[in-house]
Structure formats: structure tokens, C-alpha cells
Amino acid sequence: MQQEQVLQLRQWIQESGNIVFFGGAGVSTESGIPDFRSVDGLYSQQYDYPPETIISHSFYRRNPEEFYRFYKNKMLFPGAKPNAAHIALAKLEAMGKLKAVITQNIDGLHQAAGSREVLELHGSVHRNYCARCGAFYSLEDILAMEGVPRCSCGGVIKPDVVLYEEGLDQDTLRRAASYISQAELLLVGGTSLTVYPAAGLVDYYQGSRLVLINKTVTPMDKRADLVIREPIGQTLEAAVN
């Protein structure tokens, strides 16, 4: 492990009273949830249609059966548990240091670890609504239904996740930008910083302690004040405890 960098991160965490975390798929890979864009992720596997086509709004409307077959098989991980990164961030929030977690993930693991102020840019698999009457359904409800999940009113139930061709929730984006612009220390982890508009949120940071924790190079590395190329779980665990 890059001991010097981790010690630096620990010092900055100790000195800061306004930390914001911005994370992506790499935060959840240590919980056994595959990353879409990694070498062994969903994008490198073979299907009748490319994954980005299947999880698009137009495909969902046109072919809900195929959408839900893929969604249930490849995007739902009900047995996944929070890892060291989720736990360390929840601990920082409990200490009053971390003000918000901004995540591109849809798995709800930050909340499962105890984080309270979680801004989900791409929605959550734990929230599902009937397209006709708006009735709410849980992840467990969806998993218990065969084929395309339907409401008691007959309407199709749609997961509250942002599909390709759909816009991000503007209020969530505004709140995320506000948290980042006021942050003293911005931790960015487990994200390639290539998916917009989410990646553009880093531009709102005005401080001088931008930390990138990612196994691979990102377009923001040159802008960062500290870059750590280690697993995010053990990095945060070592810096927080």
C-alpha cells in the first residue's frame, strides 16, 4: 500500500470538518457487484444486445420482457453486503466529518452501512413504481414476481433507476453540486470519471484537497492533490480508523 499517501489522507481527514465523498462502481466491486466497464464487467460479456442497449429507456418500452430478464440476472444483487469502504464512510458521517455521500451506484449499500445523507445520482433498485398508478414496490417485491413485474392495477412496474436516454434528477444534481462546492476535502473513489453529467460534478470543487482513490488512471489525476491507486476499502479503512 502507498503508505505515505494514506498517512497524508488520514491527516487531512483529521483536520477536516466538511468532507464529501463522490463514488462510482468501484466502491461496490469489493462487495461482489461487477463494474460495467471493467475488463471482466458486464460490457465485456456477450448478449443478444449490448448491455447499454438493453438498459435504455427505448428498449425498456419496446421490449420489457428482455429488459427485465437482463435486469434481474445482471443488475440485482440482493445478497451483497457493505464493504470496508461503505463502513468507513458511515463512520465518518457519524463522527460529524462527512456531510454527504454522492454515488453513481444503485445498490443501496451506503444506506445499508448506516450512511444517512446519500445522494443517488442514478436512482436505486430498492425503489420501484407502477407506471400507471404510482404504487411503490420494494426490491423484494420485484424479485418475487415472474417476468415483467406488474402492479395490482395491471400497470408495469418500473425500477427507479436512470436508464440510458433518461436525464438525471435535477434536484439531486443541484444538491450534489452544492455539497461539493462547499467541501473542504473532496474524496473521489471507485469511478473512472468518464460518465457525464455525473463526472462533471468534480468541477464544482473549489478547495485544495481533492483526493482520487482509483485503481486505474482517470482524466482528473493531474488536477488531484493526492492520488491513491489502491483498493478503496482498505484505503479508507486505514485512513479512518
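The values are calculated or read from the model by the stated rules, or taken from the named source; none is laboratory data. These numbers were taken from a predicted model, which means no experiment stands behind them. Please note: Cβ atoms are built from the backbone with ideal geometry, for glycine as well, and neighbour counts cover all protein chains shown. We work out accessible area using only protein heavy atoms, side chains counted, and drop any ligands, DNA or RNA first. Shrake-Rupley method; radii C 1.70, N 1.55, O 1.52, S 1.80 Å.
In segment 186-228, of all residues being in a helix (DSSP H, G or I) and farther than 24 Å from Glu120 by Cβ, the one that is least open to solvent (accessible area, probe 1.4 Å) corresponds to Asp221.
Entry remark, segment 155-185: residues being farther than 25 Å from Val20 by Cβ, open to solvent by less than 30 Å² (accessible area, probe 1.4 Å) and in contact with a Lys or Arg (Cβ under 9 Å, 6 or more places away or on another chain) number 3 in total. Here Met145 fulfils each of the conditions (1) buried (at least 17 other Cβ atoms within 10 Å of the Cβ); (2) closer than 22 Å to Arg69 by Cβ apart from (1). From the list Ser115, Ser124, Ser138, the lone residue that is touching a residue at least 12 places away in the same chain (Cβ under 8 Å) and crowded, with 21+ Cβ neighbours inside 10 Å is Ser115. Considering (1) at pLDDT 95 or above; (2) within 23 Å of Glu52 (Cβ to Cβ); (3) among the hydroxyl-bearing types (Ser, Thr, Tyr), the lone condition that Thr218 does not fulfil carries the number (1). With respect to being over 20 Å from the mean Cα position of the chain (by Cα), closer than 28 Å to Gly190 by Cβ and open to solvent by 40 Å² or more (accessible area, probe 1.4 Å), Met95 fits the description.
Kindly indicate whether any position in segment 215-223 is in contact (Cβ under 8 Å) with a residue 60 or more places away in the chain and closer than 21 Å to Leu89 by Cβ.
The first filter runs over segment 215-223 and keeps only residues in contact (Cβ under 8 Å) with a residue 60 or more places away in the chain, leaving 215.
Adding the requirement that they be closer than 21 Å to Leu89 by Cβ leaves 215.
Yes, segment 215-223 contains a residue that is in contact (Cβ under 8 Å) with a residue 60 or more places away in the chain and closer than 21 Å to Leu89 by Cβ.
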